[in-house]
Structures are given as C-alpha cells and as structure tokens.
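The values are calculated or read from the model by the stated rules, or taken from the named source; none is laboratory data. Keep in mind it's a predicted model, so treat the numbers as computed, not measured. Glycine gets a Cβ as well: all are built from the backbone with ideal geometry, and neighbour counts include every protein chain shown. For accessibility, only protein heavy atoms count, side chains too; no ligands or nucleic acids. Shrake-Rupley method; radii C 1.70, N 1.55, O 1.52, S 1.80 Å.
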Amino acid sequence: GEWNPPAMGVIQGLVDGSGLTRVLQIGHYYGYSALLIGFWLRAMGGRRLLVSIDIDQAATDFTRRWIERAELGDYVRLLVADATDPRTVDAVVAEFGDRMPQLIVRDSTHDYRLTKRELGLWVPRMDSQSILLINGTSRLSSGWDESGRGGPRKALRDWVRRRRDVDYLSLNERVGERGMEDPQLAYADGCGLGILQKR
C-alpha cells in the first residue's frame with residue numbers, strides 16, 4: 001500500500017527540486033509515503049508541511065504512531081477525512097494557513113466515479129501552475145476498479161476532455177499485463193502516473 005520507488009522519485013524531484021512548502025496527500029493508508037515526504041521536508045529545512053488525508057481511522061492511527069516516532073510532527077499533519085467532501089478542502093486550506101497546496105499526491109481509490117468526484121472538487125480550487133499527481137493511470141491499474149468503469153485512467157481522460165484550464169500527461173498509460181516487470185519501461189512503474197497541471 002504505497003507509491004512505488006519510481007513514483008516516489010518523481011514526488012521527491014518535485015518537492016526537493018522546486019523547493020515546495022505545501023504538499024497534500026490524498027490517501028496515506030499506512031504511511032510509507034507520508035514518512036518519506038516528511039523526511040524530505042524536514043531535510044530541506046524551513047517551514048514546510050505535508051497534510052495527508054485518509055478515510056480510514058485505523059490506518060491513520062497507525063500512521064500517526066510512526067510519524068510521531070520519526071519526530072515529524074512539525075512537517076506532517078494527518079486528517080481523517082473524505083476527499084470528496086467540500087469541507088475537507090476547507091480543512092486542508094486552513095492547515096496550510098489559508099492557502100492551497102502546491103502539489104497534490106492522489107492515491108485514494110481506483111474507483112472511476114470517486115476519482116472524477118475528487119478531480120471535480122480539488123482541481124478548480126488549485127492555484128495556477130500547481131500540480132496534481134494521480135497514481136494508477138495504466139491499463140493494468142484499470143483492472144483494479146471494482147465497478148469495471150476504467151478507474152483513474154479513464155476518469156482522468158474523461159474529466160480532462162471537458163476542461164480548458166489544465167494540461168496533463170499520463171505516463172505508462174498503455175502498460176498492460178506485463179506491468180512493472182516490463183524491462184522496456186523508461187519510467188519503471190506499471191501502475192502508471194497521471195500528471196495534471198493547472199493553467
């Protein structure tokens with residue numbers, strides 16, 4: 001239940017390379033990636049914050065114990081919240097001192113409908129030039145959508161088609177059954193990665 005190393009490399013490049021101070025994670029599960037992002041923010045110094053939300057109280061409690069053990073409380077805030085609820089956006093903005101995140105790292109669900117709802121809620125509120133990363137945009141990952149509607153891959157394509165205020169790229173979108181074992185992948189992540197930037 002984590003972002004794999006190639007995806008974490010992209011996240012680290014954006015956070016560290018651009019000197020980001022406000023990062024939102026939608027879906028932390030048991031906190032592997034929240035810990036890594038917290039470590040990077042602490043190593044960078046200054047006032048930097050990851051706000052990470054998840055709907056699972058037990059997973060959040062587990063993650064909180066590790067965040068506290070790693071002494072990352074100044075850099076990581078955990079919220080139990082639904083990413084499709086408008087009140088969650090307001091709560092996140094408040095955590096960042098009434099500002100939207102510069103980077104949103106989204107890995108909450110493989111469900112087509114919920115992915116579209118999250119995009120419809122968060123992207124209109126994003127600041128110009130901010131970025132949203134979406135895990136699970138490959139053909140392989142589409143099979144994990146229990147509704148059979150195509151998961152984040154199809155949700156992203158369908159949602160972006162009606163927008164004029166975003167640019168997007170989907171890495172490894174066509175990766176199928178060979179997935180992460182495919183030696184030809186320049187971006188070695190069979191799950192795929194959607195990169196959406198607000199214009």
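Just a few scattered comments:
- Charge context of Gln25, other residues only, Cβ under 15 angstrom, K/R +1, D/E -1: -2
- Residues in the chain average 49 Å² of solvent-accessible surface per residue, probe 1.4 Å, ligands and nucleic acids excluded.
- Volume per residue that the Cα convex hull of segment 101-178 spans, once the total is divided by residue count, Å³: 87 Å³
- Using heavy atoms of the protein chains and a probe of 1.4 Å, the accessible area assigned to Lys154 is about 80 Å².
- Our coupling estimate for segment 70-80, obtained by passing each phi through the Karplus curve with A = 6.51, B = -1.76, C = 1.60 and θ = phi - 60°, is 7, 6, 9, x, 6, 10, 9, 10, 10, 10, 8 Hz, Gly and Pro reported as x.
- Matching label, Cα extents along the principal axes in Å computed from the structure shown, candidates [x] 40, 35, 33; [y] 95, 34, 28; [z] 53, 52, 29: [x]
- The mean of 1/r over all distinct Cα pairs in segment 45-145, once inverted, gives the Kirkwood hydrodynamic radius of 14.8 Å.
- Listed residues Val123, Ala59, Gly9: farthest to the positive end of the dipole of the chain (Cβ charges): Val123
- Taking Cβ atoms as reference points and 14 Å as the exclusive limit, the residues near Arg164 contribute a net charge of +3, counting Lys and Arg as +1 and Asp and Glu as -1.
- When the chain is described by a simple charge dipole with +1 on each Lys and Arg Cβ and -1 on each Asp and Glu Cβ, the residue from Gly31, Met44, Thr84 located farthest towards its positive end is Thr84.
- Charges were assigned to the Cβ only: +1 to each Lys and Arg, -1 to each Asp and Glu. The resulting dipole of the chain about its Cα centre is roughly 720 debye.
- The 1.4 Å probe gives accessible areas that order Glu173, Glu68, largest first, as Glu68, Glu173.
- The 3J(HN,Hα) values that the Karplus relation (6.51, -1.76, 1.60; θ = phi - 60°) gives for segment 41-52 are, in residue order, 4, 5, 5, 6, x, x, 8, 9, 8, 9, 9, 10 Hz. Gly and Pro appear as x.
- The distance linking segment 44-62 with segment 117-180 is 23 Å (Cα centroid to Cα centroid, whole angstrom).
- Cα shape, segment 1-84, gyration tensor, a/c 1.5 rule: prolate
- Contact order for the chain, expressed relative to its length and based on alpha carbon pairs under 8 Å spaced 6+ residues apart, stands at 19 percent.
- Surface share of carbon and sulfur [accessible, 1.4 angstrom probe, percent] for the chain: 47 percent
- Under 5 Å, built H, 5+ apart or other chain: amide partners of Gln25: Val51, Ser52, Ile53, Val105
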